[in-house]
Amino acid sequence: MSTSLAASFPIGTIDSSLTEIDNKSKEASTADEDICVGPFGVLNFNRPAVEPVLEPEVEDDPMVSIDQPPPQEPVLDNVTPMTMDSWMGLDDTLQWADLFGFGTDSIFAPSNNTFDPLLDMSGNDNLFIDPQALSGNDQGASHTYNALAGSGSRLASIDQPTLTTMDVLNEAQVLLRHFKDTVVNRLVSLPVTSKSPWEIIMIQEAVNTLGHLTYLDSATVTCAKKATLFGILAISAYHLSKKPPPIGFATTSQDLQQLINTASSEAKLNLQQSLKSELHGSSKAKYKDQLMAIECLLALAVAMGYQKDARCYLIDAERLMRHRGLAKREVSRKSRLLHHMYTWSRILGESTYVLHEYGSVTASAPSSHLASTPIPPQPHVVHSSGPGSRLDDFLRLEPHHADSELDIEEVKEPQTSLRDIHLEDSRDNPNTMYTEIYGINETWLSLLSQTTRLANRLDAMKATNAADSTLSDALARRASRLEDMICSFAADFTPRSVGPKWEPNNHMHTALNSGLVIFFYRRIKNVNSWILQSHVDDVISALESFDKAIKDKPGQGPGTPWPAFVAAAEASTQSRRERLFAWIEKGEAATGFQCYTSSKELLLETWKRRDEGASEQTPGLRKSARRSGASQSLTSWLDICREQKRWLMAF
């Protein structure tokens with residue numbers, strides 16, 4: 001039966017078959033047949049009514065022969081043979097969650113209009129499911145939305161903690177102090193001149209929550225606040241496990257590991273309980289508290305290298321923002337700070353995420369509207385909020401008149417800025433807080449977002465062999481326009497603030513600008529690496545100047561590894577590679593975060609494969625090619641990530 005079922009997929013994969021049947025079900029049809037693709041079927045409402053055939057003997061007998069032909073009208077069910085622990089399917093959650101409230105098809109919405117997009121179709125509010133508790137067919141039976149939304153797979157297996165929550169709270173004072181004094185500066189991508197959101201919002205909330213749990217009324221503490229507290233404690237304990245413990249901290253390494261397990265387990269359990277029971281009613285938690293909790297657990301997942309959990313938390317954050325945050329006309333300053341933190345993490349993360357299943361993206365995807373000529377003028381489009389909104393998969397390019405979303409000299413409307421959480425619109429936002437939080441220009445982040453979207457669409461078109469000359473021409477025009485903007489932005493960059501205290505930020509911004517140029521030419525143009533060596537040198541120079549600028553600032557840095565990684569992946573000489581590799585190693589030593597370790601591993605494999613490939617193609621020119629950097633651009637870090645199914649998630 002398993003072999004027969006697997007062979008019945010005409011397109012190849014489950015997701016591709018589901019996409020195909022979804023597309024067919026949207027087409028207007030008067031045919032008498034039901035819509036079927038492989039083992040899946042959708043009830044055709046255009047069929048004439050058929051008198052039901054009663055077969056009492058079949059209904060009375062639960063044991064039906066497997067050779068019996070299927071019924072004439074297939075039943076629309078929530079069943080999907082998608083495993084809960086397939087992290088490669090997490091990207092598809094952004095597509096298939098549309099069927100369950102985050103899409104444009106109202107046919108799937110319940111008639112009572114009370115559908116909660118954070119709950120499943122069956123009305124079951126069991127949002128979070130432990131995958132260990134499911135086996136066999138139970139994984140795909142009544143938990144379709146949970147599986148597709150990634151909610152069930154977010155809970156990585158945790159060693160059974162031997163410490164109690166009170167044991168963790170007894171160490172909370174030392175852990176919070178260490179987090180404030182040391183870890184916060186490691187979590188920010190650039191050293192900023194003002195307090196980060198971690199200090200403005202999260203540490204303050206954690207201290208208040210700790211007070212209520214220890215000597216005040218703990219009944220008033222929501223699960224969202226508990227998740228934030230224990231998430232911060234877990235991050236701090238993890239950092240301590242990689243560094244010598246501070247004075248007065250008597251916990252051993254073994255106890256510290258148990259402390260991490262207990263704190264992270266408590267944080268995850270409280271977050272799942274909050275998103276399950278604190279969205280509505282008298283126990284409703286504040287929106288910023290829930291988003292804050294997700295941000296804390298996202299930071300924990302990135303620090304510890306749990307890429308599956310990190311992907312799930314990013315999706316959870318977007319879903320929560322569209323359901324609660326973006327539906328408001330006015331958003332508080334604290335909520336906006338959290339939105340900015342999410343945007344930075346999401347765009348930076350998507351730039352290195354290359355595990356999309358492009359086979360499920362067809363030529364009729366929304367980005368094909370780019371090919372329509374002429375495109376009528378229309379207001380700038382950003383994804384809506386509320387139950388009818390769509391999650392963003394970074395595979396769509398919204399059509400605008402004459403690519404007006406790339407006019408960075410214009411001013412973005414306030415309401416557009418509020419809902420443009422992924423910076424699809426490059427126009428300037430005068431009220432942005434990215435410079436305040438990260439020391440980075442919002443335009444840079446927007447250009448990175450659009451480069452990633454365009455690269456994903458080009459990869460999808462290549463993977464599906466969609467030979468559409470009109471669409472190809474439209475994407476080529478957009479690529480040319482984007483290239484001009486990126487190069488002009490990097491060449492004409494002028495820091496908004498100058499002075500000694502801003503010097504480290506400006507050097508890191510310069511490194512990010514050159515890194516963006518390298519990223520564009522690798523993802524969009526796929527040029528020979530020899531062309532990029534001058535930009536690699538610019539990144540090296542900027543990072544070394546950054547290190548000199550923070551030399552007299554204890555506790556600052558090390559800065560985001562993103563520009564160092566994209567530049568090192570293109571470095572063609574041993575000297576360039578060693579200088580960038582040493583910079584990443586310094587960041588690993590200062591933080592212990594897995595993003596630096598993963599960067600090193602990917603770089604070593606990329607260099608090895610490139611040198612081997614160049615040697616095989618031109619054996620007699622191997623040494624001279626290395627010296628000049630003229631070796632052919634063969635394997636890239638993108639290929640390694642796809643082959644090893646890895647995602648480099650960095651702060």
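From the set of residues in region 566-618 that are closer than 20 Å to PHE520 by Cα and of a type in the set (Ser, Thr, Tyr), which is surrounded by the most Cβ atoms within 10 Å (Cβ to Cβ)? Ranking the qualifying residues of region 566-618, first place goes to SER599. Answer with yes or no whether PRO558 is at pLDDT below 95, in a loop (DSSP other than H, G, I, E, B), closer than 20 Å to GLU601 by Cα and not hydrophobic (A, V, I, L, M, F, W, C). When the stated conditions are applied, PRO558 passes them.
Please give the number of the condition GLN450 fails out of (1) over 29 Å from TRP198 (Cα atoms); (2) touching a helix residue (DSSP H, G or I) at 6+ places or on another chain (Cβ under 8 Å); (3) modelled with pLDDT of 80 or more. The number of the failed condition is (1).
Among the residues of region 191-230, those that are under 24 Å from the mean Cα position of the chain (by Cα) and of a type in the set (Gly, Ala, Ser) comprise SER196, ALA224, ALA227.
Check ARG481, ARG496, ARG457, ARG453 and return the single one that is among the basic types (Lys, Arg) and under 25 Å from LEU187 (Cα atoms). Spell out how you get there, then give the answer.
On the way: ARG481 fails: under 25 Å from LEU187 (Cα atoms); ARG457 fails: under 25 Å from LEU187 (Cα atoms); ARG453 fails: under 25 Å from LEU187 (Cα atoms).
Every option except ARG496 fails the conditions.
For region 294-306, the criterion of being outside any helix (DSSP H, G or I) and surrounded by fewer than 19 Cβ atoms within 10 Å (Cβ to Cβ) is met by at least one residue. Candidates GLU605, GLU544, GLU570: the one that is under 26 Å from the mean Cα position of the chain (by Cα), modelled with pLDDT of 90 or more and not in a loop (DSSP other than H, G, I, E, B) is GLU605.
Within region 206-229, the set of residues being free of Cβ contacts under 8 Å to residues at least 24 places away in the same chain, closer than 25 Å to ASP316 by Cα and not in a helix (DSSP H, G or I) comprises just one member, VAL221. Tallying residues that are surrounded by 24 or more Cβ atoms within 10 Å (Cβ to Cβ) and of a type in the set (A, V, I, L, M, F, W, C) within region 490-515 yields 3. Screening SER469 against (1) more than 29 Å from LYS328 (Cα to Cα); (2) modelled with pLDDT of 90 or more leaves a single unmet condition, (2). Flag: ASN465 matches the condition of being under 25 Å from LEU634 (Cα atoms) and not in a helix (DSSP H, G or I). Could you check region 550-565 and list, in sequence order, the residues that are buried (at least 24 other Cβ atoms within 10 Å of the Cβ) and without any contact (Cβ under 8 Å) to a residue 60 or more places away in the chain? Within region 550-565, PRO563, ALA564 qualify. Against the conditions (1) part of a helix (DSSP H, G or I); (2) crowded, with 18+ Cβ neighbours inside 10 Å; (3) touching a residue at least 60 places away in the same chain (Cβ under 8 Å), ARG453 satisfies every one except (3). Pairs linking a residue in region 391-418 that is of a type outside the set (A, V, I, L, M) to a residue that is modelled with pLDDT of 75 or more and part of a helix (DSSP H, G or I), with Cβ atoms under 7 Å and 6 or more positions apart or on different chains, are ASP392/GLU318; PHE394/GLU350; PHE394/THR452; PHE394/ARG453; PHE394/ASN456; ASP403/ARG478; ASP403/ARG481. Residues that are more than 18 Å from GLU205 (Cα to Cα) and crowded, with 22+ Cβ neighbours inside 10 Å within region 273-290 comprise just one, LEU275. Return yes when ASP393 is at pLDDT 80 or above and touching a Leu at 6+ places or on another chain (Cβ under 7 Å) and no when it is not. Spelling it out, ASP393 is indeed at pLDDT 80 or above and touching a Leu at 6+ places or on another chain (Cβ under 7 Å). Scanning region 182-230 for residues that are surrounded by fewer than 22 Cβ atoms within 10 Å (Cβ to Cβ), of a type in the set (A, V, I, L, M), over 22 Å from LEU240 (Cα atoms) and at pLDDT 90 or above returns LEU213, VAL221.
The values are calculated or read from the model by the stated rules, or taken from the named source; none is laboratory data. Please read these numbers as outputs of a predicted model, since none were measured by experiment. Backbone-built Cβ (ideal geometry, glycine too); neighbour counts: all protein chains shown.
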